[in-house]
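Let me begin by presenting the structure, written as structure tokens, before commenting on it.
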Amino acid sequence: MHRLFGKQKVVVPPPSLEDTSAGIDSRVEALDKKIAGLNKELKVYQTQIAKAKGGAKQNLQKRAMDLLKRKRMYEGQRDQLSGQQFNLDQVNY
């Protein structure tokens, strides 16, 4: 009879607010780790720029600027996720 009428689909319950908040928190922590890694790289570039001259210095500065842009992007994402988590916590309260 299942071939004729089909089986009843298994209903998966939607995630709770606590699960969603925990997921957002883990993403925020991952972004913090990425930002910390970029900070370490920037310190390395900063010491190299201080020692470099000419075209090598410009190349290092360009790489450092790219890292700064990426860091700014990650910080924006982190701030946005933190705002969403705050809103979820307020709804949960």
Inset, instruction - With the full set of protein chains in place, find how many percent of the accessible area of the chain is carbon and sulfur; take the probe as 1.4 Å. - result: 55
Legend entry - Helix axis angle, 54-92 relative to the chain longest principal axis, alpha carbon, degrees: 30
Legend entry - Angle in degrees between helix 17-51 and the longest Cα principal axis of the chain, rounded to the nearest 10: 10
Legend entry - Magnitude of the charge dipole, the chain, Cβ model with Lys/Arg +1 and Asp/Glu -1, debye to 20: 840
Inset, instruction - Inverting the mean 1/r over all pairs of different Cα atoms, compute the Kirkwood radius of the chain and quote it in Å. - result: 17.0
Inset, instruction - Order the following by accessible area, largest value first: Val10, Val28, Val44. Probe radius 1.4 Å; ligands, DNA and RNA are ignored. - result: Val10, Val44, Val28
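Relative contact order (percent) for the chain, with alpha-carbon contacts under 8 angstrom and 6 or more residues of separation?
Relative contact order of the chain: 45 percent.
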Inset, instruction - Work from the charge dipole of the chain (Cβ charges, +1 for Lys and Arg, -1 for Asp and Glu, about the Cα centre) and give the residue of Val12, Ala30, Met65 farthest towards its positive end. - result: Met65
Legend entry - Long pairs among Lys51/Lys71; Lys34/Lys62; Lys34/Lys57; Lys34/Lys69; Lys33/Lys62, criterion Cα-Cα beyond 18 Å: Lys51/Lys71; Lys34/Lys62; Lys34/Lys57; Lys33/Lys62
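The values are calculated or read from the model by the stated rules, or taken from the named source; none is laboratory data. Source: prediction; values computed, not measured. Virtual Cβ from ideal backbone geometry, glycine too; neighbours counted across all protein chains shown. Heavy atoms of the whole protein, side chains included, go into the accessibility calculation; ligands, DNA and RNA do not. Shrake-Rupley method; radii C 1.70, N 1.55, O 1.52, S 1.80 Å.
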